[in-house]
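Visitor: Mind having a look at this structure? Questions to follow.
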């Protein structure tokens, strides 16, 4: 077993693709896994298959015996998940627990990606790890169940709660990409003033997770920006950074929206535990958005798209 080999599940997703490319640049040996898209990260094998097939998952982990399994595959469409309880729980919780057990069986460490949405959203000061989760939708309940299954199956697993944005490998749009696309077309962007969060640029999160892995951290950790803002303020920061008029951003209340799945109002995560463990500094929201722009300018996005077979 190589001490630098990482098996990344869900490697075609927003976090999975950026994490994989970032890990390669940091000298890790990455093995990519995804459900249906053959990826071509530089010097990296790609395994395509269905992780709900336990024999496939078992053979994959037993064959590679990685130092780490970084499990990033998940169902993340919150409204879709609300109408598909069984499938959501199977993928986000049951499969995560099984993979953690398989990793433990071959001596691999394990990372599970959870969400800030496990909280009800009624805190005025932000949530720490020791506070009681109260998820309000199917997606969040499945991720909380996944946390518990993983930690029961693998005593040294690292569970991370966060919220992310960034550049996608696939033809999908994260919140930041959606906002930017609207602004580029001169369209109005409606931002929730009553929804507060502390999202991280996916590249910043990837680096912090790798730092935590190298420090052999285990257990539950929150990873977020040092400050929080509303989604309305987040959209205005993007407009300012990319040189668009803030007048295109209009305030609205999430409370007035008809959504299939209920959402928590405030999911600000406090990451003091991580700061103490790594002796690190958390990025500010505006710093992450600046790097989001710089990634497009320095060719990162084009490199990422090529890994997915796009020109």
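Values quoted throughout were computed directly from the atomic coordinates according to the rules given, and no laboratory measurement underlies them. No experiment lies behind these values; they were computed from the predicted model shown. Because the Cβ atoms are built from the backbone with ideal geometry, glycine has one as well, and the counts that use them run over all protein chains shown.
Visitor: Restricting to DSSP H runs of at least four residues, report the calculated mean residue ellipticity at 222 nm for the chain, -39500 (n - 2.57) per run over all residues, nearest 500 deg cm²/dmol.
Guide: Calculated mean residue ellipticity at 222 nm is -11500 deg cm²/dmol.
Visitor: May I ask you to derive the FRET efficiency for residue 55 and residue 122 from their Cβ-Cβ distance with R0 = 45 Å, giving the value to the nearest 0.05?
Guide: E between residue 55 and residue 122, to the nearest 0.05, is 0.55.
Visitor: To two decimal places, what compactness ratio does the chain give when its Cα radius of gyration is scaled by 2.2 N^0.38 Å?
Guide: Ratio of Cα Rg to 2.2 N^0.38 Å: 0.96.
Visitor: Moving on to the next point. When only C-alpha pairs under 8 Å and at least 6 residues apart count, what is the relative contact order of the stretch 63-195, in percent?
Guide: 27 percent.
Visitor: Taking the chain as the reference, fit the longest principal axis to its C-alpha atoms, fit the long axis of helix 54-64 to the helix C-alpha atoms, and give the angle between the two in degrees, 0 to 90, nearest 10.
Guide: With both axes taken from Cα atoms, the answer is about 80 degrees.
Visitor: Give me 249, 54 sorted ascending by neighbouring Cβ count inside 10 Å, so fewest comes first.
Guide: In order of increasing Cβ crowding within 10 Å: 54, 249.
Visitor: Additional query: Can you give me the angle between helix 202-214 and the longest principal axis of the chain, using Cα atoms only, in degrees from 0 to 90, rounded to the nearest 10?
Guide: 40 degrees
Visitor: Rg and Dmax in Å for the stretch 164-311, alpha carbons only: what are they?
Guide: Cα radius of gyration and Dmax of the stretch 164-311 are 16.4, 47 Å respectively.
Visitor: Against the longest alpha carbon principal axis of the chain, how many degrees, from 0 to 90 and to the nearest 10, is the axis of helix 285-297 turned?
Guide: Taking Cα atoms only, the helix is inclined about 70 degrees.
Visitor: To make sure I understand, if each residue's beta carbon is the centre and we count other beta carbons within 10 Å, what order do 26, 279 fall in, fewest to most?
Guide: Arranged by neighbour count, lowest to highest, 26, 279 become 279, 26.
Visitor: Name all residues of the stretch 285-311 having a backbone nitrogen under 16 Å from the label point set 7 Å from the Cα of residue 38 along its Cα→Cβ direction, giving them as ranges.
Guide: Flagged as within label range: 307-310.
Visitor: What residue among 121, 27, 288 has the largest mean-square fluctuation in a Gaussian network model of the chain, using Cα springs under 10 Å?
Guide: Result for the chain, Cα springs under 10 Å: 27 fluctuates most.
Visitor: Tell me, what is the percent relative contact order of the chain, built from C-alpha pairs under 8 Å that lie six or more residues apart?
Guide: 20 percent
Visitor: Given just the C-alpha atoms of the stretch 208-294, how large is their convex hull per residue in cubic angstrom?
Guide: 129 Å³
Visitor: By counting other Cβ atoms within 10 Å of each Cβ, how are 293, 270 ranked from fewest to most?
Guide: Final ranking by Cβ density, sparse to dense: 293, 270.
Visitor: Follow-up. Given contacts defined as C-alpha pairs under 8 Å and at least six residues apart, what's the relative contact order of the stretch 13-70, whole-number percent?
Guide: Reported as a whole number, the value is 21 percent.
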